[in-house]
Amino acid sequence: MAGPALHRYERDGRRYAVDPETCFCFECDAVSWDVLEHYPHATLNRILHLLQDRHPEKEILEVAGELEWLRAAKSIFTVPKQEDYAKRFEIERGLKRMTVLCAGSAQTQASRRWFARRGDNSANRGGEDAVSDRLLAAAQLLLARSGKQRELRLECVWPRPPADPAVITACCRKVRALARLADKEVRISIMIDPLPASADVFRGHDLAASLEISGDIGDDAADALRQFLRAAARGPEAAAKAAPDAPGMGIRIVIRPGHPDFAGVVQACRAAGVGHIELDLEGAYVAHPALDPAAMAKTLEAVALDYAEELVQGRYWRLEPVAGLFARIYHGTPQARTDDAGTYALAVAEDGGIYPGRHFIPWDAFRAGALDEATIVEAALRRFDDAGALTTRPCLRCWARNLCGGGAAAVHQALSGSFRAPHPPWCDAQRGWMEAAIAAFNRLASEGVNFARIHEAMRPAKRPGLLAMVRAAFRMHIGLRPIEEADAPLLAKWENWNDAAYFTFNEHGLLMASQYDREMDALHPLGIEQEFLLLRRKGDPFGLLKIRPEAMPGVAMAWIYFRNPRDYAEEKVRTSFRYMLREALARQGIQRILIPAGPGEHALADFLAAVGFAPCATLREALYLHGAYHDMCLFSFMFDEEKMAPR
């Protein structure tokens, strides 16, 4: 049974395809573009017949081989099993995020321009001490409802820096202590919203600065907090310069656009040295429902392209929601729900009211309880359990459903009047900017951008997995996959009477191997050793790679073999291998990798030198071959964190 067709589109003279289920995307040439019009629903013979007047048969077969390889790697046209599909609807219970708005926050002030509210909720409730008590009560609610969730987040939003920073410091320390008792990890965000901003480029927009704290609140963290609060009172430029050196802390600038012309705001913040910028588009639509989604998306497209250009130049920083979209594409992790409101997130308003999320505070209809009265209406929160693309009718046939995740419920409420009904113009705009982001991502991949370093700049994101590396490598010029039982005839043919170091410089090099031996290698691999088949983009195998960690921490031994020695000198192969090597080392936490080259393997030695290895040792008479002892040259590659650190 064939999976859903790929979404194909053209942009700026280039053609792209994206799988709606896996989010895997790639750029198409003329042949693959035409083949995908019929693949996989038509047979190969039918496709050859239909395209015989447009493209050579050999090129059509090559494209078909590439597509079949991607299907085998489960990158495209996947059909989930019924039990796996049913699991998508299961909800992992437990609160993950709590937002607390202190008196006079900009969120409520901006919302009042558009929505009527009661007039009894603007009081400070007794000053900063009362706010501190409320923060502790909110933290206790977060911990109590977190269930099995281990990584939690508490966001504290202040309208202006408090007069006594010690109040926040003491409160944060108590929250961290409560989390330790509950065996949880709580990341605390101290946000000043709004920031004073007098420059013309900021006019009409709201800005906020957030100090992210993921470690203990020691003396260094307390000093950093005081400096941040003083700097935030002077505006975004000063807040950016107050980025602390203390471990586990960082500055995030949040931009809530008031009109579509917000690209200059991002540029100004970046010029000020901000390394983490977030566009609060949800808050923008809630505060300003009259915003034109098409105009907003056009600016977002331009910002995404500029961001991609920065990454190509090696200037790694974080821009949300663009970086998050890149991460989902790169990891190959479709996300059917991106909005955590109600199910995984709650917010406490200035008057102590509990809401499904910060952006729902303008509507009294979504009030779900009161923190001060210790009341909560479960039914008001349960209705958000079925939010997301899986249960939203317009999303079911949308190609971007696993990238968009059904959008934000608060945006739907603001634009359409129902948190379950996306606004069609907003959906069109969303798809438009995501197409631009996919095009930008493919450029990043083709340029060999070091995604490991991008993920360092996007902490606390996880390291990319092996499957993500395979998919990213496809966008280059080579790919790799673990050896399989079906590869045994080829592997045995390559190994027999082959004196390359790959087959001889190991514990069991015998210059011969049976098909049965290689089948067993594939079916029962050694737990510490991984062996991969290197593939051309069209799916033809051309080499082998084997890697094994050594007893010394951070060191691994590897072997590499290309069947055709001329492939060692091919620049495209060198570029792709260099990329995968750095990704693999960063993912595994390996600092040094060693690869041997045997006598006569001059092409391999030149290849290793070209991709960054250096000869580090000569192992005298280490290999016994053809009745004589031979020296082995050992090449070393050091993973330099400093040279590839984000800038």
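Karplus couplings for segment 361-369 from phi (6.51 cos²θ - 1.76 cosθ + 1.60, θ = phi - 60°), rounded to Hz, Gly and Pro as x?
Those phi angles translate into 4, x, 10, 5, 5, 9, 5, 10, x Hz.
If amide H atoms are built 1.01 Å from N in the plane of the peptide, which residues on other chains or at least 5 residues away come under 5 Å of the amide H of ILE76?
ARG71
Taking 0.36 nm per residue of separation and subtracting the Cα-Cα distance, what length does fully extending SER418 through TYR85 add?
Working: separation 333, 0.36 × 333 = 119.88 nm, distance 2.70 nm.
Additional length available on full extension: 117.2 nm.
Tell me, in nm to one decimal, what length is gained between ARG8 and ASP306 on full extension, where the rule is 0.36 nm per residue of separation less the Cα-Cα distance?
Numbers: separation 298, 0.36 × 298 = 107.28 nm, distance 2.35 nm.
Stretched fully, the ARG8-ASP306 segment lengthens by 104.9 nm.
Pull out the extension gain between HIS602 and ASP364, defined as 0.36 nm times the separation in residues minus the alpha carbon to alpha carbon distance; nm, one decimal. Walk me through the intermediate numbers first.
Working: separation 238, 0.36 × 238 = 85.68 nm, distance 7.45 nm.
Separation in residues times 0.36 nm, less the Cα-Cα distance, equals 78.2 nm.
What would the Debye equation give as log₁₀ I(q)/I(0) for segment 234-360 at q = 0.17, 0.18 Å⁻¹, counting only Cα atoms as equal point scatterers?
Each listed q maps to, in turn, -1.13, -1.23.
Out of the total accessible area of segment 146-254 (probe 1.4 Å, heavy atoms of protein only), what percent is carbon and sulfur?
49 percent
In what sequence, highest mean first, do 339-350, 177-188, 147-158 appear when ranked by Cβ atoms within 10 angstrom? Each step should come with its number before you reach the end.
Numbers: 339-350: 23.8, 177-188: 15.9, 147-158: 18.3.
The densest-packed peptide leads the list: 339-350, 147-158, 177-188.
Can you compute the charge dipole magnitude of segment 159-288 about its Cα centre, using +1 on each Lys and Arg Cβ and -1 on each Asp and Glu Cβ, nothing else charged? Give it in debye, rounded to the nearest 20. Present the calculation step by step, with values, prior to reporting the outcome.
Details: 15 positive and 17 negative charges, 47 e Å.
That gives a dipole near 220 debye.
Taking the Cα-to-Cβ direction at ARG173 and at ALA294 and moving 7 Å from each Cα, how far apart do the two end points lie in nm?
Reported label-point gap for ARG173 and ALA294 is 5.7 nm.
Given the pairs LYS87/LYS148; LYS81/LYS148; LYS74/LYS298, which are separated by over 23 angstrom at their Cα positions?
Numbers: LYS87/LYS148 18 Å; LYS81/LYS148 27 Å; LYS74/LYS298 33 Å.
Too far apart for the 23 Å limit: LYS81/LYS148; LYS74/LYS298.
Once amide H atoms are built 1.01 Å from N in the peptide plane, which residues 5 or more positions from LEU279, or in another chain, come under 5 Å H to H?
Excluding prolines and chain starts, which carry no amide H, the hits are ILE255, GLU320.
How far apart, in nanometres, would the label points at ARG592 and ASN496 be if each is projected 7 angstrom from Cα along the Cα-to-Cβ direction?
Placing both labels 7 Å beyond Cα along the Cβ direction yields 4.0 nm.
Counting alpha carbon pairs within less than 8 Å and at least 6 residues apart, what relative contact order, in whole percent, applies to segment 213-261? Don't jump to the answer; show the numbers that get you there.
Working: 33 pairs, mean separation 18.7, N = 49.
Taking the mean separation of contacting Cα pairs over the length of segment 213-261, I get 38 percent.
Efficiency by 1/(1 + (r/R0)^6): what FRET value for VAL555 and GLN52, r their Cβ-Cβ distance, R0 = 45 Å, to the nearest 0.05? All intermediate terms of the calculation are to be shown ahead of the outcome.
On the way: r = 54 Å, r/R0 = 1.21.
Calculated transfer efficiency: 0.25.
Could you name the aspartates and glutamates whose alpha carbon sits less than 16 Å from that of LYS58, not counting residues in the same chain fewer than 8 places away?
The qualifying aspartates and glutamates are ASP29, ASP34, GLU66, GLU68, ASP540.
In sequence order, what are the phi-derived ³J(HN,Hα) couplings for segment 62-69 according to the Karplus relation 6.51 cos²θ - 1.76 cosθ + 1.60 with θ = phi - 60°, rounded to whole Hz, with x for glycine and proline?
Values, residue by residue: 5, 5, 4, x, 4, 5, 5, 5 Hz.
ASN498's amide H: which non-local residues (gap 5+, or another chain) put their own amide H closer than 5 Å, with H modeled 1.01 Å from N in plane and none for Pro or chain starts?
none
Whole-Hz Karplus ³J(HN,Hα) for segment 480-495, in order, using 6.51 cos²θ - 1.76 cosθ + 1.60 and θ = phi - 60°, x for Gly and Pro?
For segment 480-495, the Karplus-derived couplings read 8, 8, x, 5, 10, 4, 5, 7, 3, x, 5, 5, 5, 5, 5, 7 Hz, x marking Gly and Pro.
Along the Cα-to-C-beta direction of GLN140, a point sits 7 Å from the Cα; which residues of segment 341-372 have their amide N less than 20 Å from that point?
In segment 341-372, the label zone of GLN140 (backbone N under 20 Å from the point 7 Å along Cα→Cβ) covers 346-355, 368-372.
The values are calculated or read from the model by the stated rules, or taken from the named source; none is laboratory data. Every value quoted in this text rests on a predicted model; they were computed, and no experiment measured them. Virtual Cβ from ideal backbone geometry, glycine too; neighbours counted across all protein chains shown. Areas reflect the complete protein model, heavy atoms only, side chains present, ligands, DNA and RNA absent. Shrake-Rupley method; radii C 1.70, N 1.55, O 1.52, S 1.80 Å.
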